[in-house]
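Chemist: Before anything else, here's the structure in question.
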Amino acid sequence: MIHRVAIHGAAGRMGRAIVGVLREREGAMLSAAVERADSTSLGLDAGTLAGGPPAGVPLTADLAAAVAGCDVLVDFSAPDAVVDALDACAAAARAAVVGTTGLHAAAIAAADRLAAVAPVVVAPNFSQGVTLLLHLAARAAELLGPGFDAEIVEMHHRHKVDAPSGTAMALARAVGAAKGLSEEAFVFGRSGQVGARPQAQIGVMTLRGGDVVGEHTLTLAAPGEIVALTHRATDRAIFARGAVRAAEWIVGRPAGRYDMSDVMGLAS
Ligand code: NAD
């Protein structure tokens, strides 16, 4: 069965990347491309806008019609826009995949309303590699125990304005949970006479420069040995591929809220 995928935020960077990924998939097809009512892209072909051949799907502001004609809505828009998208899905009992980040309370409440009647995947990072890294990091920290010091280093391009990255924080929380350490144990820089490293500490360090898409390394170090787990992103298309994998996975699932570890079968 070919799943019909509607994209909300279709003219954005991620929306266009998803149009590109759907072009290569056999199990899913683009059924609608939704944009803001005041978008200058309305009426343009979604495939052409994404830099490929025409998809035969014009950009529209008609969210209700797009939801009615899809099996799953993929949202990469903006926090306020997510509420309308999820409520439209709830009204039609349609599945949704939400990639928009910075969700506020109203958006989270809309996801909960939808989860009561249909399946919804919400993930701040759709990279399959990062999802695996988070899983392996927690397992490694748990297996190696308190005798291994955990240090996290992330690097991103020079334009990134926040630090550390959300993924580095997720990594620190995953390792912290496995070690029984709260966020009070995180240290975000060291300089001067900081003293010997206490065991109950997780270092989270940030590098910035060039055009690095995203690198995260967890180092677990004990006397005599070091284990390092690294994820290196080289292409932003990884998020689009992960979101399309989630869209293909979620159709037909029971109502409820899922994350990327469910999609990849990593949830315990
Ligand atoms: P973008 O600004 O390029 O695209 C957002 C699009 O949504 C724009 O075209 C905008 O016009 C559209 N939009 C805004 N309001 C709308 C509305 N009411 N109805 C329909 N469309 C609307 O941004 P982007 O880089 O594509 O990122 C979008 C979101 O996805 C951001 O929150 C970003 O942080 C997040 N993101 C998540 C992941 C992940 O893996 N989860 C990866 C990359 C980006």
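Chemist: Under 13 Å from the Cβ of LEU42, count the other residues' Cβ atoms, weight Lys and Arg +1, Asp and Glu -1, and hand me the total.
Modeler: Details: positive: ARG36; negative: GLU35, ASP38, ASP45, ASP62.
In short, -3.
Chemist: Using Cβ counts within 10 Å as a stand-in for footprinting exposure, how do SER182, SER127, SER77 rank, fewest first? Intermediate values should be presented prior to the final figure.
Modeler: Working: SER182 10, SER127 21, SER77 24.
Sorted ascending by nearby Cβ count, the order is SER182, SER127, SER77.
Chemist: OK, next. Determine the relative contact order of the chain: mean sequence separation of Cα pairs under 8 Å and six or more apart, normalised by residue count, in whole percent. Before the final figure, lay out the partial values.
Modeler: Details: 543 pairs, mean separation 53.9, N = 268.
Contact order relative to length: 20 percent.
Chemist: Sticking with this one: Select from PHE239, LEU143, ILE202 the residue farthest towards the positive end of the dipole of the stretch 130-248; place +1 on Cβ of Lys and Arg, -1 on Cβ of Asp and Glu, and compute about the Cα centre.
Modeler: About the Cα centre, the residue reaching furthest to the positive side is PHE239.
Chemist: Related question: Antiparallel DSSP bridges in the chain: what percent, to the nearest 5? All intermediate terms of the calculation are to be shown ahead of the outcome.
Modeler: On the way: 17 of 48 bridges.
Counting DSSP beta bridges with both partners in the chain, the antiparallel share is about 35 percent.
Chemist: Here is a further query. Let's see if you can work this out: charge +1 on each Lys and Arg Cβ, -1 on each Asp and Glu Cβ, no other charges. What is the dipole magnitude of the stretch 104-262 about its Cα centre, in debye to the nearest 20? Walk me through the intermediate numbers first.
Modeler: On the way: 15 positive and 15 negative charges, 52 e Å.
Around 240 debye, computed over the stretch 104-262.
Chemist: May I ask for the net charge around VAL213, where only other residues with Cβ less than 11 Å from the Cβ of VAL213 are counted and Lys, Arg are +1 while Asp, Glu are -1?
Modeler: Values: positive: LYS160, ARG232, ARG236; negative: ASP211, GLU215, ASP235.
Net charge around VAL213: 0.
Chemist: What is the spin-label model distance, in nm, from ARG197 to ALA106 if the labels are put 7 Å beyond Cα along the C-beta direction?
Modeler: Using points 7 Å along Cα→Cβ, the separation is 4.5 nm.
Chemist: Out of all DSSP beta bridges with both ends in the stretch 123-268, state the antiparallel percent to the nearest 5.
Modeler: Percentage antiparallel, nearest 5: 65.
Chemist: Then there is this: Where the centroid of each part is defined by its Cα atoms, how far is the stretch 192-268 from the stretch 2-20 in Å?
Modeler: 24 Å
Chemist: Give me the dipole magnitude in Debye, nearest 20, for the stretch 1-64 about the Cα centre, with unit charges on the beta carbon: positive for Lys and Arg, negative for Asp and Glu. Provide the component values of the computation, followed by the final result.
Modeler: Working: 6 positive and 6 negative charges, 32 e Å.
My answer is approximately 160 debye.
Chemist: I would also like to ask the following. Over all alpha-carbon pairs in the chain, figure out the percentage whose distance exceeds 28 Å.
Modeler: 41 percent
Chemist: Same structure again: Could you please tell me the mean projected area of the C-alpha convex hull for the stretch 182-268, averaged over all directions and given in square nanometres to one decimal? It would help to have the intermediate numbers written out before the result.
Modeler: On the way: hull surface 37.8 nm².
Spelled out: convex hull of the Cα atoms, projected over all directions, averaged, 9.4 nm².
Chemist: Around PHE126, under 14 Å between beta carbons, what's the net of Lys plus Arg minus Asp minus Glu among the other residues?
Modeler: Working: positive: ARG13, ARG236, ARG241, ARG245; negative: ASP75, ASP235, GLU248, ASP259, ASP262.
Surrounding charge for PHE126 is -1.
Chemist: Still on this structure: Where the only charges are on Cβ atoms (+1 Lys, Arg; -1 Asp, Glu), what is the dipole of the stretch 28-157 about its Cα centre, to the nearest 20 debye?
Modeler: Values: 4 positive and 14 negative charges, 54 e Å.
Magnitude of the dipole: close to 260 debye.
Chemist: Within the stretch 233-262, list the trypsin sites (Lys or Arg not before Pro) lying in a DSSP loop whose Cβ has at most 15 other Cβ atoms in a 10 Å radius. Before the final figure, lay out the partial values.
Modeler: On the way: sites: ARG236, ARG241, ARG245, ARG257; in loops: ARG236.
Answer by residue number: ARG236.
Chemist: Hey, in the GNM for the chain with a 10 angstrom Cα cutoff, which one of HIS156, HIS104, HIS231 fluctuates hardest?
Modeler: Answer for the Gaussian network model of the chain: HIS104.
Chemist: I'd like the FRET efficiency for ARG208 and ASP80, computed as 1/(1 + (r/R0)^6) with the beta carbon distance as r and R0 of 41 Å, rounded to 0.05.
Modeler: Details: r = 29 Å, r/R0 = 0.72.
The formula returns an efficiency of 0.90 here.
Chemist: Same structure again: With label points built 7 Å along Cα→Cβ from the Cα atoms of GLU26 and ALA64, find their separation and express it in nm.
Modeler: In this crude label model, GLU26 to ALA64 measures out at 3.9 nm.
Since every read-out is calculated from the coordinates, none of them should be taken as a lab result. All of these numbers come straight from a predicted model, not from anything done at the bench. Ideal geometry is used to build each Cβ from the backbone, glycine not excepted, and the neighbour counts take in all protein chains shown.
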